[in-house]
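The values are calculated or read from the model by the stated rules, or taken from the named source; none is laboratory data. Predicted model, so just to flag it, every value in this text is computed and none were measured. Because the Cβ atoms are built from the backbone with ideal geometry, glycine has one as well, and the counts that use them run over all protein chains shown. Protein only, heavy atoms only, side chains kept; ligands, DNA and RNA dropped before computing areas. Shrake-Rupley method; radii C 1.70, N 1.55, O 1.52, S 1.80 Å.
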Amino acid sequence: VEQSEIPQLGKYGKGERGSGYISDFEFTPSFFYFVGRWLGDGWANVHARKGRVESLMKRVYVCCSHDEGDDLQAKLAETGLHFGRLDNGSTERFTCSSTQLYDWIVGNFGAYADGKNIPAWCFGMDTQLKRAMLKGYLDADGTVTSNGYKSTSINRNLSVGMKMLAASCGMT
């Protein structure tokens with residue numbers, strides 16, 4: 001199977017400050033672990049900035065239990081992106097304020113619990129990246145069973161996509 005090219009992060013646009021621009025970004029297993037976690041326990045949203053015309057704050061979030069907070073924080077730090085951490089009462093919430101990341105992740109993987117999917121280019125990624133994404137997803141929405149893992153989701157397309165991703169890694 002020929003390896004797929006991963007779409008690159010876009011450039012920042014009108015009204016956005018260059019200081020937060022992610023340049024020369026490298027897609028690593030740590031990043032795709034984050035993508036998997038985001039697919040299972042993440043969301044993204046846009047906020048209009050108070051008092052500013054055409055100024056939007058785009059954020060990507062992922063959450064976990066308090067028990068997993070330190071481990072997930074360490075894994076997110078390995079991505080090279082900046083994530084803030086907040087004790088949200090019942091969970092730990094990690095936030096990355098990045099227009100580029102928001103546009104890339106929502107543009108490629110969709111949004112909302114029932115609208116996320118696995119784009120076709122993922123099936124042609126390096127096996128190490130696919131396994132990292134699968135691991136991240138299973139850490140978010142998976143359960144260890146006597147013979148492997150299972151996951152539960154309201155999103156049939158995402159479940160089928162994850163099964164296909166696992167199969168592309170030689171897993172049943």
Inside segment 31-75, the number of residues satisfying the requirement of being open to solvent by less than 30 Å² (accessible area, probe 1.4 Å), among the hydroxyl-bearing types (Ser, Thr, Tyr) and at pLDDT 95 or above is 2
Just checking, how many residues over segment 143-172 are modelled with pLDDT under 90, over 19 Å from the mean Cα position of the chain (by Cα) and in a loop (DSSP other than H, G, I, E, B)?
4
Sort out which residues of segment 85-94 are open to solvent by less than 80 Å² (accessible area, probe 1.4 Å) and part of a strand (DSSP E or B), and write them in order of number.
86, 92, 93, 94
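Output the residue which, of all residues in segment 152-163 that are open to solvent by less than 70 Å² (accessible area, probe 1.4 Å) and free of Cβ contacts under 8 Å to residues at least 24 places away in the same chain, is nearest to residue 33 (Cα to Cα).
Per the criteria, the residue is 159.
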For residue 131, are the conditions met, namely being open to solvent by 30 Å² or more (accessible area, probe 1.4 Å), within 21 Å of residue 41 (Cα to Cα) and modelled with pLDDT of 95 or more?
yes
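For segment 95-117, which positions are outside any helix (DSSP H, G or I) and open to solvent by 20 Å² or more (accessible area, probe 1.4 Å)?
95, 97, 111, 112, 113, 114, 115, 117
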Regarding residue 159, is this residue of a type outside the set (D, E, K, R) and more than 23 Å from residue 65 (Cβ to Cβ)?
no
